[in-house]
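I have placed the structure first, in the form of structure tokens, so that the comments after it can refer back to it.
Please treat every number below as a calculation from the coordinates, not as lab data. Only a predicted model underlies this, so the values are computations on that prediction, with no experimental measurement involved. In this analysis, Cβ positions are derived from the backbone assuming ideal geometry, glycine residues included, and neighbour counts consider all displayed protein chains.
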């Protein structure tokens, strides 16, 4: 299973963290520091796997972002790379040519999308289309709720004025 | 920026926060602190919108900086419980990011989660499931299991899929949930939607990895899925499951080999191919065809441009190392090429494979290659290479090495590598080989000489240990040296002052040994050329002379300037020991003298009197300054050396001021016979050969009478001598003890008797031998009767007397030289077998086993459902019948039935552990659904009907007669 997902920039700034196994805040900070320190200096011609505390970390760089996933030693590294790619493609489709800024300003959306791709550290949906559909449906629900509120608050505001 | 009035009206949105963070000029930490302060206020707002935005901002800061936001947990729960989906989502995100087992509000959200899990809105249910999968505690998992269980059969695909995967988390937190939900999980394997099937397979795969055995009965189902799978994600999981099942059930491997090969051939997805390869290497290594195909694919991997594939290719080869060595040798070129890969992980993998391939035939070739790479590699990998060479070659007792001449040269080369960090191991092996392999000593000496001769090497701190070993070797095995003078010159070169004291001391000791050896050889050249009886005479006389000699030494040298008398106090006990040694080891000494007499005489002709004279002068000039060394060890060795030198010079009549005078040489030669006695005696001290010591040697020594090895040493306590005085111990620790006593003026007497007092008090911890503790006059007497016997025994057990012709050159023959191996010696390099990491706690797998046993009874041979309504008595009849039919069957499919019996037996064993009331409960709960399930498993029943009865189940039936339809679950014939 996937123990955690990490996204950080080339400068080592954290962009997303998702922990599927229990890690205390201290361990989380330490893991992020160790991994970004270990992965960032690696050149482009090296393999995408790093051994880390008996587990394996699979990472892939997309533009200025590093996507890392930590998996068990008996898991399939290539499959994990494909999961990363799968996620990136979905992000790309959702944001339309995704870039780091998209994830910075919509960090919660990156999480929502990740939650549709993975659950409990396992891949839950291998179809990009279904993920896109589900996300779109939820977005429209959010929008509807907001609209409703906006109109309500308008009403209230008008009423109190 | 807005004024303070405006701020209260307009909250900063998440976008504002992020933007502000990016352009802040006051420093990130301060900015975050400010933002945090702001949100603290906002989060208390009664307006849900304001609260939600505050929570969202907190989540962001939490992610960014790892801030602790547990203080906001209650507000998060408030946002979670909002009926508005947009807020709920924000709340759930914050919860799943920041809540953990210790969060107190977890107790409050059970009902909230329950409500949302049952929500009509599938996305709300999805949020709750997501959150549960992140924050589940045993309590939450227990309380919410019924909800998750219900969701498994939801008509909405989205919910069904998520619920299935969340089971994994629920099971790990609350193993009892398996009793309830496992059957439904298995049903999901036949779900109409492939995503749900995938989810179920994923969960089963994770469970099977931690404990494969219970899932064997599901093999046919997996087999069917694999055959029909068109989804690579699913295929990977299925292949992985077979990878863990096959080692448990070899017959399954036979069945599955072909389909796996089929997958490998037809798929283009590297990840699937890789999974197949892994399954073949782990579980199908018996199937030549499959292995060949896998190796073929691995070869493709290793030849790829993609470093990932190269790395994985190498990694997957290692399981084949022992079972299919040909797979490695076939690809040796590819593997060796990876040694110079840009990627360190690939280098390390290929090195691991290469060391795994090393055999007696290719060790030289391989090590040469590794050494060559070591010279040109980065420091880190260079040391990996060195450590690989050292550990491979010394494996066992240098089992792989036949040509030690070559190997000691390799050691020399390794020591010289500028990045070498394994000097301690080089040191150990140089000495070890010197002790164990007699025939290689000549070459070993050459290698060591080269190391010692090079002044440049003294600069490098990392070489000091190797140099120390080299110095020891040349001193110890001086008899095979060709040029003792050069050795001494090398050992005394000025740059030796750069050495640490411990190493420098070894250098000086070696000088002493070489000096004694050469002068002795020279003297023998005069005294007993061709006279074999000479040694005996010398030894006889020695005993008489040595004591006088020692006294002489004392008289002469205590007066001489620069040498303090304590040195000789130090020497005295040594000489006693030497005498003893000589007495006890007499046979050995003679043996050694005899064997090397020839080479010594040969050498003696080359040691001229002038050379000896020069040697003495060289030592005197170079060692004298060391008498002022600040390092005590160096100073002491130097005084020993000089003291001995002066004594020898005196006997020989050499005076330092009249160097090189021919007359001097003449007197020297005249006095040589006198010196012979002394020198022979000293030489004999050094001629006792040390041998390798087994770590278990001590166990061979019989425990002396009266020595108590059982009592705890703790009783020994502090070395306080007056236990009645409560203040003593503290005084001792504080150091006040001495002050107090010195005031009394009685300290000197007290301290000298401390040891005696201590011994009196704790006599059990001391050896009973009086000789150790007698007063100093007794020291000159030989040890008591039993002591020599003990040391003889020790010597016997430590050394393997191997009469061997000793030559300065190793024999040219192909045969491996004799390597001393102690009988009880074990391989020092232990390679622990890699153990699979247990994924979950034991309790989980036990529960699964229990449940599967029940489950199997239902899902596998459910044709019995028809009989389920029958009465208990009927059951008994049936069990009789089937027992009979089983007997009959044994003749037809003996093999299958036998396996079946084994299964029953092992299951019986497990069953005994099972808590029976629990089973009954679980049965009741799932009974309804199993009935529903009965229809579709009829096909299986067709296959398994004949094989299904087991005695165990009749017993179980008696416990809960109505619910249970017990059958033996088996792997249907078509798979076996």
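Numbers below:
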item: Two-decimal Rg to Rh for segment A:1-95 - Kirkwood Rh, Cα set; result: 0.93
item: Inter-label distance, nm, simple model (7 Å from Cα along the C-beta direction), residue B:482/residue B:34; result: 8.2 nm
item: Of A:89, A:124, A:11, the one that fluctuates the most in a GNM where chain A has Cα springs shorter than 10 Å; result: A:11
item: Debye log10 I(q)/I(0) for segment B:41-81, one point scatterer per Cα, at q = 0.18 Å⁻¹; result: -0.43
item: Per-q log10 I(q)/I(0), chain A, q = 0.10, 0.11, 0.18 Å⁻¹ (Debye; single scatterer per alpha-carbon; no solvent); result: -0.42, -0.50, -1.11
item: Residue of A:91, A:65, A:101 that the Gaussian network model of chain A assigns the largest fluctuation, springs spanning Cα pairs under 10 Å; result: A:101
item: Packing rank of A:23-32, B:380-389, B:116-125, where each peptide gets the mean count of other beta carbons within 10 Å, highest leading; result: B:380-389, B:116-125, A:23-32
item: 20 Å reach of a label modelled at residue B:83, 7 Å along Cα-to-Cβ, counting backbone N of segment B:95-124; result: B:111-124
item: Scattering profile of segment B:88-193 at q = 0.11, 0.12, 0.15, 0.18 Å⁻¹ [log10 I(q)/I(0), Debye over alpha-carbon scatterers]; result: -0.30, -0.36, -0.56, -0.80
item: Estimated FRET transfer efficiency when R0 is 56 angstrom, pair residue B:421-residue B:100 (beta carbons, to 0.05); result: 0.85
item: Whole-number percent relative contact order across segment B:328-380, with pairs defined as alpha carbons under 8 Å at least 6 apart; result: 30 percent
item: Nitroxide proxy distance, nm - points 7 Å out along Cα→Cβ at residue A:30 and residue B:755; result: 4.8 nm
item: Peptide A:43-52 - average C-beta neighbours from other chains (10 Å radius); result: 5
item: Pairwise label distance in nanometres, residue B:190 with residue B:501, each label 7 Å out on the Cα-Cβ vector; result: 8.4 nm
item: At 1.306 mPa s and 10 °C, Stokes D of segment B:1-110 from Kirkwood alpha-carbon radius, µm² per second; result: 111 µm²/s
item: Binned Cα-Cα distances of segment B:284-399, short to long, each 5 Å bin given as a whole percent; result: 2, 12, 24, 22, 20, 13, 6, 2, 0
item: Chain lengthening between residue B:323 and residue B:762 when straightened (0.36 nm per residue, less Cα-Cα); result: 152.2 nm
item: Largest to smallest principal axis extent of the C-alpha atoms in segment A:73-121, angstrom; result: 36, 21, 14
item: Kirkwood-Stokes translational diffusion coefficient of segment B:328-474, alpha-carbon pairs, 37 °C, 0.692 mPa s, µm²/s; result: 211 µm²/s
item: R0 of 30 Å, Cβ-Cβ distance residue B:139-residue A:139: FRET efficiency to nearest 0.05; result: 0.30
item: Fully extended contour minus Cα-Cα distance, from residue B:617 to residue B:15, at 0.36 nm per residue; result: 208.0 nm
item: Potential lengthening between residue B:230 and residue B:697 on full extension [0.36 nm per residue; Cα-Cα distance subtracted]; result: 161.7 nm
item: Relative contact order computed over segment B:314-415 (Cα-Cα under 8 Å; 6+ residues apart), in percent; result: 21 percent
item: Average other protein chain Cβ within 10 Å of Cβ, residues A:102-115; result: 4
item: Overall Cα dimensions of segment B:395-496 - principal axes, largest extent first, Å; result: 40, 33, 16
item: Rel. contact order, % - alpha carbon contacts under 8 angstrom, at least six apart, segment B:264-363; result: 20 percent
item: Most fluctuating residue given options A:50, A:58, A:117, as computed from a GNM of chain A linking Cα atoms under 10 Å; result: A:50
item: Exercise: per-residue mean of other protein chain Cβ atoms within 10 Å, B:156-168; result: 3
item: Size descriptor, Kirkwood hydrodynamic radius, that averages inverse alpha-carbon separations across segment B:133-267, Å; result: 15.4 Å
